[in-house]
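Enquirer: One structure, pasted below without further comment.
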Amino acid sequence: MDQDTANFLHNLVDLHLHLGASSTPHFLWELAHDQGIRLSEKDYFSFIDSITIREKTTYEKYLKFFDLTERIQSSTFAIEKASHEAVSRAYRKGNVTTIEIRFNPMLRNKGGEQDLDKIIFSALVGIKKACLEYPVTAGLLLMMDRRFPKEKNVIIAKKAARFAGEGVVGLDIAGPLTKSFRVADLVEPVAIARKADLGITIHTGEVTGADEVWEVVKLLTPERIGHGIRSVDDPKLLDYLAQKKIILEICPTSNVQTSAVKNWEEMKVIIDRLKKHGVAFTINSDGPELLGTTVKEEFEKLVAKEILTQKDVEECTKVAKSATFLK
């Protein structure tokens, strides 16, 4: 990486950052003990190994890592600490000054034991504290879940609308694949969020096909797509995304590590096709601590592997700054 490229790696943007994968292993260890949570691993170093992805894994196994982090982050005390830590480390470690954090509040309220409003408010307090301490701008996206019935996802959308003026800036959906999931069931919650002037981004096309991406863009008209890498399997879809100016949130290391993409050679093919069709995209960390990366490191890796050029790095950051849901 030469000096010219290095100059671009400041004031970066991370639009796709999961709270559940943004806490360092030692922070989770201490947070669990602070709350009296019994861990299956009693040895510190064994715990570190159990909560860190060091080798290539599968998408399903990757999602299982979130079960423990979500449990540890499930209190007003923990969610405030975790949110503060996520913003702080993104800036200190990766020169990220514009940050969108996303999480599902219903996976942090211990099955209804904790009040959803207080969980969301605590996350916002943690974010705002970090914004006072560092020269960053940050906001929160609430996430629905593919496993949830429509009624639960509507509640999350209503909560997002409720906190739209307090720091919640968007709505998303993620979670393990299920046969019962229907894109059509998201029309109502997305409409609720949009009425509150919230941004819409939808996880799709990561391990699902281009057919689901088509369904999402037609029924939900999101501003952004989380991952969306399988869109490259359909040239007509790529042209449609470019025409509608729908931006893809690309997370390279995540896709390679979770086997959503075979290797870095395939990642190069994907990004080359996006550029060929004029599809705008951003580069993001997805799970910075779980995967051991930052947006800065993503750019460095992509340039070193000749997947992106210096001009591409600058353009991605420019796109991300214009695409953020932060007002």
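Enquirer: Name the residue, out of Glu30, Glu41, that is open to solvent by 50 Å² or more (accessible area, probe 1.4 Å) and assigned to a loop (DSSP other than H, G, I, E, B).
Expert: On inspection, the qualifying residue turns out to be Glu41.
Enquirer: Does Arg102 satisfy the criteria of being within 17 Å of Ser23 (Cα to Cα) and assigned to a strand (DSSP E or B)?
Expert: yes
Enquirer: Sort through Thr178, Thr97 and tell me the only one that's touching a residue at least 60 places away in the same chain (Cβ under 8 Å), among the polar types (S, T, N, Q) and surrounded by fewer than 20 Cβ atoms within 10 Å (Cβ to Cβ).
Expert: Unique residue meeting the criteria: Thr97.
Enquirer: Tell me, yes or no, whether segment 239-246 has at least one residue that is of a type in the set (Gly, Ala, Ser), modelled with pLDDT of 95 or more, more than 26 Å from Asp197 (Cβ to Cβ) and more than 14 Å from the chain's Cα centre (by Cα).
Expert: no
Enquirer: Please work out which one of (1) touching an Asp or Glu at 6+ places or on another chain (Cβ under 6 Å); (2) more than 17 Å from Glu298 (Cβ to Cβ); (3) surrounded by 15 or more Cβ atoms within 10 Å (Cβ to Cβ) is the condition Ser50 fails and give its number.
Expert: Among (1) touching an Asp or Glu at 6+ places or on another chain (Cβ under 6 Å); (2) more than 17 Å from Glu298 (Cβ to Cβ); (3) surrounded by 15 or more Cβ atoms within 10 Å (Cβ to Cβ), Ser50 violates only (3).
Enquirer: Filtering segment 216-250 down to residues that are out of contact with any Asp or Glu (no Cβ under 6 Å at 6 or more places or on another chain) and among the small types (Gly, Ala, Ser), which residue is most open to solvent (accessible area, probe 1.4 Å)?
Expert: Ala242
Enquirer: Pick out the one residue from Thr294, Thr253 that is touching a residue at least 60 places away in the same chain (Cβ under 8 Å) and buried (at least 22 other Cβ atoms within 10 Å of the Cβ).
Expert: Every option except Thr294 fails the conditions.
Enquirer: Confirm whether Phe299 is of a type in the set (Phe, Trp, Tyr), in contact with a strand residue (DSSP E or B) (Cβ under 9 Å, 6 or more places away or on another chain), modelled with pLDDT of 95 or more and open to solvent by less than 10 Å² (accessible area, probe 1.4 Å).
Expert: Against the criterion (of a type in the set (Phe, Trp, Tyr), in contact with a strand residue (DSSP E or B) (Cβ under 9 Å, 6 or more places away or on another chain), modelled with pLDDT of 95 or more and open to solvent by less than 10 Å² (accessible area, probe 1.4 Å)), Phe299 qualifies.
Enquirer: What's the total number of residues in segment 118-138 that are buried (at least 23 other Cβ atoms within 10 Å of the Cβ) and in contact (Cβ under 8 Å) with a residue 60 or more places away in the chain?
Expert: Selection size over segment 118-138: 2.
Enquirer: Residue by residue through segment 284-313, note down the ones that are within 13 Å of Val13 (Cα to Cα) and of a type in the set (Gly, Ala, Ser).
Expert: Passing the criteria: only Ser285.
Enquirer: Follow-up question, since we're still on this one. For the condition touching a helix residue (DSSP H, G or I) at 6+ places or on another chain (Cβ under 7 Å), of a type in the set (A, V, I, L, M), surrounded by 20 or more Cβ atoms within 10 Å (Cβ to Cβ) and over 20 Å from Ile79 (Cα atoms), what is the one hit in Val154, Val213, Val187?
Expert: Of the residues listed, the single one that is touching a helix residue (DSSP H, G or I) at 6+ places or on another chain (Cβ under 7 Å), of a type in the set (A, V, I, L, M), surrounded by 20 or more Cβ atoms within 10 Å (Cβ to Cβ) and over 20 Å from Ile79 (Cα atoms) is Val213.
Enquirer: Name the single residue, out of those in segment 268-291 being open to solvent by less than 10 Å² (accessible area, probe 1.4 Å) and not aliphatic (A, V, I, L, M), that is modelled with the lowest pLDDT.
Expert: The extreme case among them is Gly287.
Enquirer: Taking the condition of being in a loop (DSSP other than H, G, I, E, B) and at pLDDT below 90, how many residues in segment 44-74 meet it?
Expert: Result for segment 44-74: 8.
Enquirer: Sticking with this structure for a sec: Just need a number here: residues in segment 23-49 that are farther than 20 Å from Ala174 by Cα, in contact with a Ser or Thr (Cβ under 8 Å, 6 or more places away or on another chain) and in contact (Cβ under 8 Å) with a residue 12 or more places away in the chain.
Expert: The qualifying residues number 4.
Enquirer: With respect to the numbered conditions (1) part of a helix (DSSP H, G or I); (2) open to solvent by less than 50 Å² (accessible area, probe 1.4 Å), which one is the sole condition not fulfilled by Glu265?
Expert: (2)
The values are calculated or read from the model by the stated rules, or taken from the named source; none is laboratory data. Here the structure is a predicted model, which means the values were calculated and not measured. Backbone-built Cβ (ideal geometry, glycine too); neighbour counts: all protein chains shown. Surface areas here come from the heavy atoms of the whole protein model, side chains and all, with no ligands, DNA or RNA. Shrake-Rupley method; radii C 1.70, N 1.55, O 1.52, S 1.80 Å.
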